[in-house]
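> The following block contains the structure, expressed as structure tokens.
The values are calculated or read from the model by the stated rules, or taken from the named source; none is laboratory data. Quick caveat, the model's predicted, so the values are computed rather than measured. All Cβ positions, glycine included, derive from the backbone under ideal geometry; neighbour counts span all protein chains shown. With ligands, DNA and RNA removed, areas are computed over all heavy atoms of the protein, side chains included. Shrake-Rupley method; radii C 1.70, N 1.55, O 1.52, S 1.80 Å.
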Amino acid sequence: MIHNPILPGFNPDPCICRKGDDYYIAVSTFEWMPGIPIYHSRDLAHWELLTHVLTDDVQVDLKKLPSAKGIWAPCLTYCESENLFYVVYGVMNSMNARYFDVDNFVVTAEKITGPWSDPVYLHSAGFDASMLHDDDGRKYVASLEWETRTGYEEPGVICAVEYDPDAGHIIGYPKRIWSGATDRGCIEAPHLTKKNGWYYLMCAEGGTGYNHAVTMARSRNVFGPYEPDPLGAIVTSQPGVSNERADADHLKPKYFNPDSLLQKSGHGSYVDLPDGETYLVHLTARPWIIRDTEEERKAASPYAPKWPAGYMPEGILDLRCTLGRETAIERMTWTRDGWLRMADGTNLAKEYVPEPDLPQTQMQPVPERDDFDSGTLGNWYYSPREMPQRFADVKTRPGFVRLRGQESQASLNKVSLLARKLTGMHARAVTVLEYSPEVYQHDAGLMLYYDNMNNLYLRKYYSETLHSEALGIIQLENGHKTEYQSTRTALEKGRPVWMRMTIDGRKTFFEWSYDGSLWKRIGKEWDTSVFSDEYCKYGEFTGTMVGIFARDSMLHEKCADFDRFDLTVTEDGEM
């Protein structure tokens, strides 16, 4: 059995395609670079991080974009007649005043590993753009046309337009073709495919929250009219029927389903296997359930979001998805009358799914430990808004990564954070730091990071109070900065420092050592769940990362050397 999620951690908005015996999934990255990871499998059960589509942070400029803006919902397709991969993606520049200013682009490559072409601008008619390669050689772009006018249903309707690849331009204006197969509202994520003479339009409905669902419609003409799938939601975490067209809120936690481990299931795409089997990938999430108890209310932070009465389900204070939105897979089947159904006869997303009839092929996992000995920075590292190679150097001092400090962790511009995706709620991160801070604007260390306004870190810095190098902990919680002065600890000058962060479910704590054997606790236990889609007021669509960082907000030149960076994740919590 395949165990969901197949891509744990921050891996939302999956789009799957096949070339021969190889399967590929692309996911969103928002403000993180490199952009649009491509995962690879040959059996749909075992996956590897293969490559990234966007690696030029000048051509794709994300600097100064707020968290959760940036690269949205890539559509990865393979055009067999051209032997060419296509990726359509959007750059969300602003959501101010509900205008959703987005630019949609397409890039191509003969090989999935690139090189990828320069981006070609498509249009700005809403987000979640995708492309269909029709069997007559024509191409069409579908997207959600975002509605900005008063008095019209929000967030909008699905539109489509023909694309001329020779001219690099759409033909005419997009035409509105579909408003949904259900009344859940918040339609988005259209994917057009063609099968047996039918144009199938797969969409997400209900908002990317707890009423999320995958739906379908079909037509004999690409521009419609489309007929809805009579089932309504074909994959979801909330099978109940609802009418939410009048409510544009995407989260809708009142639809939390206590009978399902997987929540928020929706935003899907499917792939047909050579033997006729069909599988569908979709985003999902696994929230912390914060019960409405006296203990939780007493522990609640003044910086926590304030939900309206009745917004959360009865007896629940909050739902928090620390790992963000993840990727799951479902086994599907086509009915005799041409509709797609889950193979088990239900529409509820499953934790365990039967494997396809494909030879099992193990894939190379991301290593738990990185000693930086290879001379090349691993492809599993990410940085907010710019490529890690801008500040991370693994060549100058072999066996180390040298981070050149830049702006603070709160910046939307240039932040020297070398981060990995957190993929489980029982994890331990270890690093060894060699660093000689000289002024208080210098620090470096180990960080838990959701976004620029929500992070927690153990740092080495220069303390003017102690007149020496020191350790300390700082937290940003929804923009409020707390420097825990009780954690200030003097250090012997020039000695390497080991740092360790342990995530034990909802508890996160730090330790330090001079030798990696004798560890000393520093600071209290922090609530891991506050680093989550729901809790963080300035983000909401990404996921928690663990990383090493350096800051030099004086001259942007002071460097910190890290001898290793380990991130071990376990299912049972034993380290």
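> Within the group PHE541, PHE510, PHE531, which residue is more than 19 Å from LEU323 (Cα to Cα) and in contact (Cβ under 8 Å) with a residue 12 or more places away in the chain?
After ruling out the rest, the residue left standing is PHE510.
> If I filter the stretch 275-296 down to residues being in contact (Cβ under 8 Å) with a residue 40 or more places away in the chain and open to solvent by 20 Å² or more (accessible area, probe 1.4 Å), which single residue comes out as farthest from THR346 (Cα to Cα)?
TRP288
> Which one of LEU50, LEU62 is touching a residue at least 24 places away in the same chain (Cβ under 8 Å) and closer than 22 Å to LEU280 by Cα?
One residue alone meets the criteria, LEU50.
> Still on this structure, please answer the following. Give the number of residues within the stretch 329-351 that are of a type in the set (S, T, N, Q), in contact with a strand residue (DSSP E or B) (Cβ under 8 Å, 6 or more places away or on another chain), surrounded by fewer than 18 Cβ atoms within 10 Å (Cβ to Cβ) and in a loop (DSSP other than H, G, I, E, B).
Looking only at that region, the number is 1.
> From the list VAL271, VAL222, VAL241, exactly one residue is closer than 30 Å to MET312 by Cβ and either touching a residue at least 40 places away in the same chain (Cβ under 8 Å) or assigned to a strand (DSSP E or B) (or both). Which is it?
VAL241
> For THR396, work out the one condition from (1) open to solvent by 10 Å² or more (accessible area, probe 1.4 Å); (2) touching a residue at least 12 places away in the same chain (Cβ under 8 Å); (3) closer than 23 Å to VAL497 by Cα it doesn't fulfil.
Here THR396 meets the rest and fails (2).
> Here is a list: VAL120, VAL91. Which entry is out of contact with any helix residue (DSSP H, G or I) (no Cβ under 6 Å at 6 or more places or on another chain), under 17 Å from HIS169 (Cβ atoms) and modelled with pLDDT of 95 or more?
Residue meeting the stated conditions: VAL120.
> Filter the stretch 538-573 down to the residues that are within 26 Å of PRO365 (Cα to Cα) and small (Gly, Ala, Ser), then identify the one that is surrounded by the fewest Cβ atoms within 10 Å (Cβ to Cβ).
Selected residue: GLY573.
> I need the full set of residues from the stretch 157-178 which are under 22 Å from PRO14 (Cα atoms) and either of a type in the set (Gly, Ala, Ser) or in contact with a Leu (Cβ under 7 Å, 6 or more places away or on another chain) (or both), in order please.
ILE158, ALA160, TRP178
> Among (1) part of a strand (DSSP E or B); (2) open to solvent by 10 Å² or more (accessible area, probe 1.4 Å); (3) of a type outside the set (Asp, Glu); (4) within 23 Å of GLY543 (Cα to Cα), which single condition is PRO66 missing?
(1)
> Between GLY207, GLY266, GLY240, which is within 25 Å of ASP337 (Cβ to Cβ), within 24 Å of the chain's Cα centre (by Cα) and either hydroxyl-bearing (Ser, Thr, Tyr) or modelled with pLDDT of 95 or more (or both)?
Of GLY207, GLY266, GLY240, the one residue that is within 25 Å of ASP337 (Cβ to Cβ), within 24 Å of the chain's Cα centre (by Cα) and either hydroxyl-bearing (Ser, Thr, Tyr) or modelled with pLDDT of 95 or more (or both) is GLY266.
> Inspect the stretch 362-377 for any residue being closer than 29 Å to HIS212 by Cα, touching a residue at least 60 places away in the same chain (Cβ under 8 Å) and open to solvent by less than 60 Å² (accessible area, probe 1.4 Å) and give the result as yes or no.
no
> Tell me, which residue of the stretch 503-537 that is charged (D, E, K, R) and assigned to a loop (DSSP other than H, G, I, E, B) is surrounded by the fewest Cβ atoms within 10 Å (Cβ to Cβ)?
The extreme case among them is ASP515.
> Could you say which residue among ASP134, ASP103 is closer than 26 Å to GLN389 by Cβ, open to solvent by less than 70 Å² (accessible area, probe 1.4 Å) and of a type outside the set (S, T, N, Q)?
ASP103
> Only residues in the stretch 458-470 that are touching a residue at least 24 places away in the same chain (Cβ under 8 Å) and surrounded by fewer than 17 Cβ atoms within 10 Å (Cβ to Cβ) count as the first member; pair them with residues that are of a type outside the set (Asp, Glu) and in a strand (DSSP E or B), Cβ under 9 angstrom, at least 6 apart or cross-chain, and list the lot.
What qualifies is LEU466/ARG488; LEU466/THR489; LEU466/ALA490; SER468/TYR462; SER468/ALA490.
> Let me ask something else about it. Return the residue satisfying two criteria in turn: it lies in the stretch 312-328 and is over 25 Å from the mean Cα position of the chain (by Cα) and assigned to a loop (DSSP other than H, G, I, E, B), and of such residues it is surrounded by the most Cβ atoms within 10 Å (Cβ to Cβ).
Filtering first and then ranking leaves PRO313.
> So, one more: For THR482, work out the one condition from (1) open to solvent by less than 20 Å² (accessible area, probe 1.4 Å); (2) of a type in the set (Ser, Thr, Tyr); (3) within 26 Å of ILE290 (Cα to Cα) it doesn't fulfil.
Going through the list (1) open to solvent by less than 20 Å² (accessible area, probe 1.4 Å); (2) of a type in the set (Ser, Thr, Tyr); (3) within 26 Å of ILE290 (Cα to Cα), THR482 breaks only (1).
> So which of TYR23, TYR86 is among the hydroxyl-bearing types (Ser, Thr, Tyr) and closer than 16 Å to ILE329 by Cα?
TYR23
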